[in-house]
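Novice: Please see the structure below; I have some questions.
The values are calculated or read from the model by the stated rules, or taken from the named source; none is laboratory data. Treat the numbers as computed from the prediction; the structure is a model and nothing was measured. In this analysis, Cβ positions are derived from the backbone assuming ideal geometry, glycine residues included, and neighbour counts consider all displayed protein chains.
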Amino acid sequence: MSLKDWARNAWLTEHETSRKEITDFLSVIDRDLQDCQTPGLSADWRLSIAYNAAVQVAVAGLAAEGYRTVRESHHHRAIHSLAFTLGLETTTITQLDAFRKKRNISDYERAGATSDKEVGEMTALAAKLREDLIRWLRERHSELAPEGASD
């Protein structure tokens, strides 16, 4: 299976990106990585913010490859696309998908379902994914890599 196969299945649509769009994604990622550490917010909300940073990494990777997800199963597809874009291991994708499910429970079903430990794990994962994205952009899509972006 490949991203081209996903597009043939109508799970993705073609998309032309730009360095500005990638830079804008990085701005959202950086904002979320900062905001998820805001004192006084619930663990549920901090996990959701950190999770959003990770999803934006996946969306940026897809954009760099010339795609974007369709609305149906957007987060699920974005997360699983990281195997094709950043070359993530199955264990990392499984971990991120578990956080997706945890976030859905805390956002839609039950408050107080998230621990501070889980927030720390999700935040660390999102920060690592951001570093991986910058490195991958420099290696595979240097024309899209933001100038002066730090790892």
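Novice: Does at least one position in segment 55-71 carry a residue that is of a type in the set (Asp, Glu) and either buried (at least 21 other Cβ atoms within 10 Å of the Cβ) or more than 20 Å from THR123 (Cα to Cα) (or both)?
Specialist: Scanning segment 55-71 turns up at least one residue that is of a type in the set (Asp, Glu) and either buried (at least 21 other Cβ atoms within 10 Å of the Cβ) or more than 20 Å from THR123 (Cα to Cα) (or both).
Novice: Take THR92 and tell me if it is within 25 Å of THR13 (Cβ to Cβ) and hydroxyl-bearing (Ser, Thr, Tyr). Break it down into steps so the answer makes sense when it comes.
Specialist: On the way: within 25 Å of THR13 (Cβ to Cβ): no; hydroxyl-bearing (Ser, Thr, Tyr): yes.
No, not satisfied.
Novice: Does at least one position in segment 67-81 carry a residue that is at pLDDT 95 or above, in contact with a Cys (Cβ under 6 Å, 6 or more places away or on another chain) and at negative phi?
Specialist: No.
Novice: Separate question: When you go through ILE29, ILE93 one by one, which is the residue that is assigned to a helix (DSSP H, G or I) and surrounded by 23 or more Cβ atoms within 10 Å (Cβ to Cβ)?
Specialist: ILE29
Novice: So, one more: Filter segment 1-25 down to residues that are of a type in the set (Asp, Glu) and in contact (Cβ under 8 Å) with a residue 12 or more places away in the chain and give me whichever is surrounded by the most Cβ atoms within 10 Å (Cβ to Cβ). Break it down into steps so the answer makes sense when it comes.
Specialist: Restricting attention to segment 1-25, the residues satisfying the condition of being of a type in the set (Asp, Glu) are 5, 14, 16, 21, 24.
Subset that is in contact (Cβ under 8 Å) with a residue 12 or more places away in the chain: 14, 16, 21.
Details: GLU14: 8, GLU16: 8, GLU21: 16.
Looking at residues that are of a type in the set (Asp, Glu) and in contact (Cβ under 8 Å) with a residue 12 or more places away in the chain, I get GLU21.
Novice: Within segment 103-120, take every residue that is outside any loop (DSSP other than H, G, I, E, B) and modelled with pLDDT under 85 and give me the one that is surrounded by the fewest Cβ atoms within 10 Å (Cβ to Cβ). Don't jump to the end; show me each part of the working.
Specialist: In the first step, residues of segment 103-120 are kept if they are outside any loop (DSSP other than H, G, I, E, B); the result is 103-108, 116-120.
Next cut, modelled with pLDDT under 85 only: 104-108.
Values: ASN104: 14, ILE105: 13, SER106: 21, ASP107: 15, TYR108: 7.
Restricting to residues being outside any loop (DSSP other than H, G, I, E, B) and modelled with pLDDT under 85, the top hit is TYR108.
Novice: Restricting attention to segment 32-57, which residues are touching a helix residue (DSSP H, G or I) at 6+ places or on another chain (Cβ under 8 Å), polar (S, T, N, Q) and assigned to a loop (DSSP other than H, G, I, E, B)?
Specialist: GLN37, THR38
Novice: Identify the residue in segment 75-90 that is free of Cβ contacts under 8 Å to residues at least 40 places away in the same chain and surrounded by 14 or more Cβ atoms within 10 Å (Cβ to Cβ) and, among all such residues, is farthest from VAL119 (Cα to Cα).
Specialist: Looking at the filtered set, the residue picked out is ALA83.
Novice: Here's another thing I want to ask about it. When the residues of segment 126-141 are filtered to those that are under 16 Å from VAL59 (Cβ atoms) and of a type in the set (A, V, I, L, M), which remaining residue is surrounded by the fewest Cβ atoms within 10 Å (Cβ to Cβ)?
Specialist: Result: ILE134.
Novice: Within segment 91-115, can you find the residues that are touching a residue at least 40 places away in the same chain (Cβ under 8 Å) and within 11 Å of ASP44 (Cβ to Cβ)?
Specialist: Initial filter on segment 91-115 (touching a residue at least 40 places away in the same chain (Cβ under 8 Å)): 96, 99-100, 102-103, 106-107, 111-115.
If the condition is that a residue be touching a residue at least 40 places away in the same chain (Cβ under 8 Å) and within 11 Å of ASP44 (Cβ to Cβ), then LYS102, ARG103, SER106, ASP107, ALA111, GLY112, ALA113, THR114, SER115 are the ones that fit.
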